[in-house]
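Every read-out reported here was derived from the displayed coordinates using simple, explicitly stated rules and does not represent laboratory data. Everything numeric in this text was worked out from a predicted model, so none of it was measured. Quick reminder, even Gly has a Cβ in these numbers, built from the backbone with ideal geometry, and neighbours come from all protein chains shown.
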């Protein structure tokens, strides 16, 4: 079962004061850490969706062999970045059966959490990491759901609407023992 990694890193980080992809924490940029987390979690290929300050991120960050997708509509919200990433995956010559989606501003997510969620991959799978019963990332989307997820991904909503409409299909996978699911909204 092939599982791609999809990192959403296009936002301007208005509350943070700068694009979070360019935030340095623990000696590395958040975008670099998240790419490594997906890669170390077994995802291949890894796609990175950039938008705000894309040129600066490309000039500054070491994204390895990741495929970069630049979302020109990044200002419309996360939904457009998810759609751009899913569309790019559809164009892959050997498109994966599922994709593990991660946000750049979740540095507490580990490769262990990615592996745990990605281990449930199937074309019809919908899997969500949870932290103490609360939904979080990564989220795994089986290929069978990509078109429908993309149709509902608008504004600052990614897959949440689709997952909420199909709770009977979503498998929750507790990850609080291997990761911290909090996002970083303001400098710490």
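Could you run through segment 49-71 and say how many residues are assigned to a helix (DSSP H, G or I), touching a residue at least 12 places away in the same chain (Cβ under 8 Å) and surrounded by fewer than 16 Cβ atoms within 10 Å (Cβ to Cβ)?
Initially, segment 49-71 is screened for residues assigned to a helix (DSSP H, G or I), giving 54-60.
Filter again for touching a residue at least 12 places away in the same chain (Cβ under 8 Å), leaving 54, 56-57, 60.
Narrowing further to those that are surrounded by fewer than 16 Cβ atoms within 10 Å (Cβ to Cβ): 56, 60.
Total satisfying the criteria: 2.
Just to be sure, is residue 15 in a loop (DSSP other than H, G, I, E, B), surrounded by fewer than 14 Cβ atoms within 10 Å (Cβ to Cβ) and touching a residue at least 40 places away in the same chain (Cβ under 8 Å)? Break it down into steps so the answer makes sense when it comes.
Values: in a loop (DSSP other than H, G, I, E, B): yes; surrounded by fewer than 14 Cβ atoms within 10 Å (Cβ to Cβ): yes; touching a residue at least 40 places away in the same chain (Cβ under 8 Å): yes.
Against the criterion (in a loop (DSSP other than H, G, I, E, B), surrounded by fewer than 14 Cβ atoms within 10 Å (Cβ to Cβ) and touching a residue at least 40 places away in the same chain (Cβ under 8 Å)), residue 15 qualifies.
Any residue that is assigned to a loop (DSSP other than H, G, I, E, B) and either buried (at least 22 other Cβ atoms within 10 Å of the Cβ) or touching a helix residue (DSSP H, G or I) at 6+ places or on another chain (Cβ under 9 Å) (or both) - is there at least one of those in segment 26-37?
Within segment 26-37, the first condition is being assigned to a loop (DSSP other than H, G, I, E, B), and the residues that meet it are 26-27.
Right, trim to either buried (at least 22 other Cβ atoms within 10 Å of the Cβ) or touching a helix residue (DSSP H, G or I) at 6+ places or on another chain (Cβ under 9 Å) (or both) and you get 26.
Yes, because at least one residue in segment 26-37 is assigned to a loop (DSSP other than H, G, I, E, B) and either buried (at least 22 other Cβ atoms within 10 Å of the Cβ) or touching a helix residue (DSSP H, G or I) at 6+ places or on another chain (Cβ under 9 Å) (or both).
From 42, 85, grab the single residue that is in contact (Cβ under 8 Å) with a residue 60 or more places away in the chain, closer than 23 Å to residue 171 by Cα and within 13 Å of the chain's Cα centre (by Cα).
Values: 42 fails: within 13 Å of the chain's Cα centre (by Cα).
None of the other options fit; the residue is 85.
Kindly list, by first and then second residue, each pair from a residue in segment 151-179 that is in contact (Cβ under 8 Å) with a residue 24 or more places away in the chain and on the phi > 0 side of the Ramachandran plot to a residue that is surrounded by 14 or more Cβ atoms within 10 Å (Cβ to Cβ) and part of a loop (DSSP other than H, G, I, E, B), limited to pairs with Cβ atoms under 8 Å and residues at least 6 apart or on different chains.
155/77
So which residues in segment 108-123 are surrounded by fewer than 22 Cβ atoms within 10 Å (Cβ to Cβ), in contact with a strand residue (DSSP E or B) (Cβ under 7 Å, 6 or more places away or on another chain) and in contact (Cβ under 8 Å) with a residue 40 or more places away in the chain? First the steps, then the outcome.
Applying the first criterion (surrounded by fewer than 22 Cβ atoms within 10 Å (Cβ to Cβ)) to segment 108-123 yields 108, 110-112, 115-116, 119-120, 122-123.
Then keep just the ones that are in contact with a strand residue (DSSP E or B) (Cβ under 7 Å, 6 or more places away or on another chain); that gives 116, 120, 122-123.
Those that are surrounded by fewer than 22 Cβ atoms within 10 Å (Cβ to Cβ), in contact with a strand residue (DSSP E or B) (Cβ under 7 Å, 6 or more places away or on another chain) and in contact (Cβ under 8 Å) with a residue 40 or more places away in the chain: 116, 120, 122.
Within segment 155-164, is there a residue that is within 21 Å of residue 3 (Cα to Cα) and loosely packed, with under 14 Cβ neighbours inside 10 Å? Full working, then the answer.
Taking segment 155-164 and keeping what is within 21 Å of residue 3 (Cα to Cα), we get 158-160, 162-163.
Of the ones still in play, those that are also loosely packed, with under 14 Cβ neighbours inside 10 Å are none.
Taking every residue of segment 155-164 in turn, none turns out to be within 21 Å of residue 3 (Cα to Cα) and loosely packed, with under 14 Cβ neighbours inside 10 Å.
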